Each structure stands twice: as structure tokens, then as C-alpha cells.
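Remarks on the structure that follows.
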Amino acid sequence: MGELAGDKHVKYILSVEKKKDSFESVVMEHLRLNGAYWGLTTLDLLGKLDTVDSNEVVSWILQCQHESDIRALQNEDGSFSGDIWGEVDTRFSYCAICCLAILKRLDSINVEKAVRYIVSCKTLDGGFGCTPGAESHAGQIFCCVGALAITGSLHHIDKDLLGWWLCERQVKSGGLNGRPEKLADVCYSWWVLSSLIMIDRVHWIDKEKLIKFILDCQDTENGGISDRPDDAVDIFHTYFGVAGLSLLEYPGLKATDPAYALPVDVVNRIFFGRCST
Amino acid sequence: MASSSSSEGEGRRAWVPLASRPEFAGVTPLPQDDGPSPVVAIAYRDDFRETMDYFRSLYSSRELSPRSLLLTSLAISVNPANYTVWHFRRQVLEALGADWTEELEFTEGVAKRNAKNYQLWHHRRWVAEKLGPDAASRELEFTRKIFCLDAKNYHAWSHRQWVLQALGGWEDELDYCAQLLEEDVFNNSAWNQRYFVITKSPSLGGLNAMRDSEVDYAIEAIHANPENESPWRYLRGLYNDENEAWLNDSRVHSACLRVLKAKRNFKFALSTLLDLLGLGFKPNQEIKDAITSLRTSDLGEAGSDSDLANSICSILGLEDPMRANYWTWRKQQASSSS
């Protein structure tokens, strides 16, 4: 099996000078904070966070800060809207709960209602969709399981049933898909894997085969990881591929928290370290 | 990254700088404020930069005019995922008193380029809400067109479910699911929608009324493709919270037996029998023999597994080696409960 080309991926992430003519660079324009998260977390997992100037990054992020109140985005039924403009989806339940937990302000929303709404999105195969009645989807499952994990509500999940559905996502190539009969994609190495870990069922997949699949998705010459072998790379899949390998305990990578999608030492610092303003 | 040359080429050929366009006379473009040390800085194309500079100007001055509407169209065409632009567009539409039908056509144009854009679907829903129940058939037709290109588009399914519940139009939905499944019986989204329809449609009578015919439907699909995960899950879902009925419906274990006898693609048939055994199912000799005959030589004599459930787990551990640990765990569960 191949190896993780860590140094190449660091080079790729740092070379963020997008080409002027690139369609993707423009489309990513609104995702710069996301891009910063994916890039920085990947660097941290590879042990190379010191390659960026943290002061620069922090001051830029603070510039992006906007006055808005997550609490105000919770609806009557416990669901969350993405913003004041109203789109409802369990993705936002996860974002709200994750952010508030990190800020230690979970008490400012109605957690019971939030949990109840998430549980109402459970499907007949034990998974979760974006809204009640929607199809099970690994991405939505990560959001719901993560939110339930953070709020101490995992007892609402049938772990055996969901665990089986999740391990059935592994296809012949060793990669994971997000729904039955769909193609494998590296990002599901995160959504499915972290969900399995949160419900203590990760040993139900073939880890070696998944590692091989992720490594096959690398561009070992120019760095970066793509959604499946031989496709174009991007920061999003680079992050999820490396984070997936971290969850699989690939040597040389820092440990990642499956619920917060952050390095474990960062989560520990947030919850057990000194308080910082 | 790979570039999408055809859409870029079209945009550039047609591009007239906004500074030269009379309709934008008097607008002072507002450059992006990236702060003193930009991070993840992007080298924008000129048309993109200019469009967004003009957008920022009209947005910050809260100008709700026809030229603002035009500008949001331009901004959306260069970046359809910018939700601030979509939000501003909605403010402009409300202020001007929009032609909602025209707006639906606008979204169809955006969908042609990317049918998986979250903002597009949110906007579409917002417009459909304005139109009310009269919009139902057009929305169902719109999602149908999307499904012709991608029958599993998650956004479209989410929209379609919302349309049915908020605006109506259930009458032909079960037939539509049947049609999609005829085209691709492996379409898990269509199976999910079928379950949605039989449980929620006001014109069908609910799960209890529909269960019988749906069991037959699922089993027919199973026999056509026993390796198809969806109808097996669908079948199980028909008996959600009804374990007694599930155990006693002889069609279920007969279907499993038929698959086992064919000796191919029997994984889900075996796991279904395993579930049934766990609930107290007492298989007849024919089923026991069919299971035993699937044991390969490396598994040794049938007597070496303490009972049938164990035997099934051993067979599955070899048949489905990727999930060997799962089947080992099932074996332990089966042993501890017997």
C-alpha cells in the first residue's frame, strides 16, 4: 500500500494562490473561512501548523466576525435555521450545538427541543435525514449523531441498527459512500467514520481497505487529496481524507475528535485548559 | 484545480464592463475589504471583481431597484453560492413586487448549471411559498425534470417532500415512485419516497392499509435483484414496531428461502433470517437445509456451529469479509441470547 505524502499536502495547502482563470477559485469565494478551517486543521493534524503565521490568521478571522445570535435561530419545533433567512436543516442543528458547546453556552438554547427535533429526523433504517421523512444520508447522520453526542443524547440512537447501515457504506474498492448504491467519496471517510466512532462501532468496517482507498486518492506529485482516485484535488477532500486517516490511527497524525472535527488536543484545551477570552 | 472552460468562455465573450453600462451610471463600486493581511486571498477575475464591487455598493446603500435586481442576477451567475446576494435579491423582489413566475424561470436557469446549490433550492422554496398551492404541480414538474438528469439529487427530494406537505399534489406520487423504480430499482431515494408516500399521503390510508400490497411490491423487487439493499430495508420498514406481524408474515421468510435456494446474492436474505431468529422465529426444515447447504467446505461440519444463527454468521463472515467483524459480533449476540 502507498504512503501518506504529508509534505506534499502541506505544500499544496500553503500554495493558496488561486489561478485567476479558475472557476473553482471564484466559487470558493464565500467559503474562505471554511477553506481556512479545512486547511489549518489539516496542517495541525500533520503536525505542521507552525508553517502559517497564526497572528495573521487570527486577525483576519476576527475581521470576518459578524454580530449575530445563534440562540435566535432556534425555531419553535427545536430545529435551527442556517441564518436569519430561514433555511432549516439538521446541518444547522449541529453547527449551533457545536458552536455553543465550544463557547460553553449550550444553556442558552432549548437543548431538549433541539434533541427532540433531531430524533424526529430518524429514518426507518436507523439513520438521519435533513428533515423528518428525508432519506438517510451519511452527511446528515454525522450532523445528527454529532449533535446528539455533544448534548449527551446518544441513547436515542439504535447503535446496532445505525452501525450496520454505516458499515454497509463500504464498497468493493474499500471506500465509503453516503447512501446505498452511490459512489464512494473520500469525504465519507469522515462523515461515516466519525459517526461509527461516536457510536462505538468503527471496528465493523475494514480499516485497512479504507486506508488504502484514501491513500489512492492522493496526488502524490503535487499534493492534495481528491474525492476518488484520479480526480482533481481540493482543500475540502484533503482535509476529510487526512482527518479520516487520523480517525483510523494512521501513524504520524494527531488524534481527531469525531464530534467536534477538531484535533483532540484543541478540544481538550477548550474544555479542560485555561480559560481564554 | 480543473477549470470549467465552457461556462467561463461564454461569460467572457458576452462581458461588458459595468462601468460602461448606462444602467449603472452613478454607482460607485465598493471594493472588498480584506483587512491589512488577507488570508486565503483569491486572485479574482476582473468581471467577478467588478460585479461584486458594484453589488457591495448597491447592497450597502440598500438600493431596492430594477438595476439592483439585474446586478443580483449577474452576481449569482458568477457565484451562485453567495447567500448574501440571494438574500438581497429577495428584498429587491419584495420591494418591486415581483413576477413570481419569471422568478421561477430564473431559478431554473441557475439549476441548469448546478442543481446541487443550497441557495437555489432555498430561494425556489421561498418563491413557491409566495405562490401557494397553485404552485404545486409546477414544483413537482420542476423536480421531475431534475430527476431526469439525477434521480438521487438530495436537494430536489427534500424540496419535493416539502412541496407535497405544504402545497399538496399527492395523487400521482406513488405512481411516480413506481416509474422511477422501473427505471432504476436501485434508486434508494425513490424507495425512501415510496415509504414517505405510503405513510403520509392523505389519499392512501396510511401504513397499515398499504402494508399488504407493499410487501408484495418489495418482494418482487427483491427477487429481481436480491443484492439490492433498498427493498430489504423497505420491507423491514413496513413492519416497523410490528415484530409479531413481521415474524408471522410467511411471505417474508418464503422470500428469503427462495433467494437462498438460488445460492447467489444471499447476504440480505441470510441477515433477514438472522433478525427473525433473534425475534423467536422457528424455521422449518426446508429453511434449515437451505442455510446448511450454503456452508462452504472451510466452515467444517454443520454441527460445529451451535445453532442456526451461528451458522448464518459463519457463512456471512466468509461471504461478506469486509464486514467480518460485524458478523462476528452478530454471532456473539446470537450466542448470548440463546
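Taken together, the values in this text are just the output of simple stated rules run on the coordinates, not laboratory data. Note that the coordinates shown come from a computational prediction; the quantities given were computed from them, not determined experimentally. Cβ placement follows ideal geometry from the backbone for every residue including glycine, while neighbour counts extend to all protein chains displayed.
Normalised by the residues of chain B, what does the relative contact order come to in percent, with Cα pairs under 8 Å and at least six apart? Intermediate results must be reported in sequence, preceding the final value.
Values: 287 pairs, mean separation 24.2, N = 338.
This gives 7 percent for chain B.
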Taking chain A as a Gaussian network, where each spring joins two C-alpha atoms under 10 Å apart, which residue of A:S246, A:S194, A:S81 fluctuates the most?
-> A:S81
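Run the numbers on chain A and let me know its relative contact order in percent, using alpha-carbon pairs under 8 Å that are six or more apart. Before the final figure, lay out the partial values.
Working: 400 pairs, mean separation 55.1, N = 277.
That works out to 20 percent.
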Given 10 Å bins starting at zero, what is the percent of C-alpha pairs of the protein assembly as shown in each, up to the one with the largest pair distance?
-> 3, 14, 24, 26, 19, 10, 4, 1, 0
Nearest 10 degrees, 0 to 90: helix B:100-113 Cα axis against chain B principal axis = 70
Shielding score for B:42-49, defined as the mean number of other chain Cβ atoms within 10 Å | 5
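Given a cut-off of 27 Å, name the pairs among B:K152/B:K200; A:K207/B:K267; B:K200/B:K267; A:K182/B:K145; B:K152/B:K331; A:K48/A:K212 whose C-alpha atoms lie farther apart than that in the structure shown.
Working: B:K152/B:K200 21 Å; A:K207/B:K267 21 Å; B:K200/B:K267 31 Å; A:K182/B:K145 20 Å; B:K152/B:K331 35 Å; A:K48/A:K212 23 Å.
Long pairs (Cα-Cα over 27 Å): B:K200/B:K267; B:K152/B:K331.
Fewest Cβ neighbours within 10 Å first, please rank B:W327, B:W162 accordingly. Can you show the working numbers first?
Numbers: B:W327 24, B:W162 20.
Taking fewest neighbouring Cβ atoms as first place, the list is B:W162, B:W327.
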Any idea what angle helix B:173-183 forms with the longest principal axis of chain B, computed on alpha-carbon atoms, 0 to 90 degrees, nearest 10?
-> 80
Cα centroids of the range B:250-273 and the range A:142-208: how far apart, whole angstrom?
-> 26
When A:C187, A:C99 are ranked with the fewest other C-beta atoms within 10 Å first, the list becomes A:C99, A:C187
Three-way shape label, the range B:110-210, alpha-carbon gyration tensor, a/c 1.5 = oblate
Relative to the longest principal axis of the C-alpha atoms of chain B, give the angle of the C-alpha long axis of helix B:188-200, reported between 0 and 90° and rounded to the nearest 10°.
-> 90
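In what sequence do A:V186, A:V202 fall when counting other Cβ within 10 Å, fewest first? Provide the component values of the computation, followed by the final result.
Working: A:V186 29, A:V202 21.
Fewest-to-most ranking of A:V186, A:V202: A:V202, A:V186.
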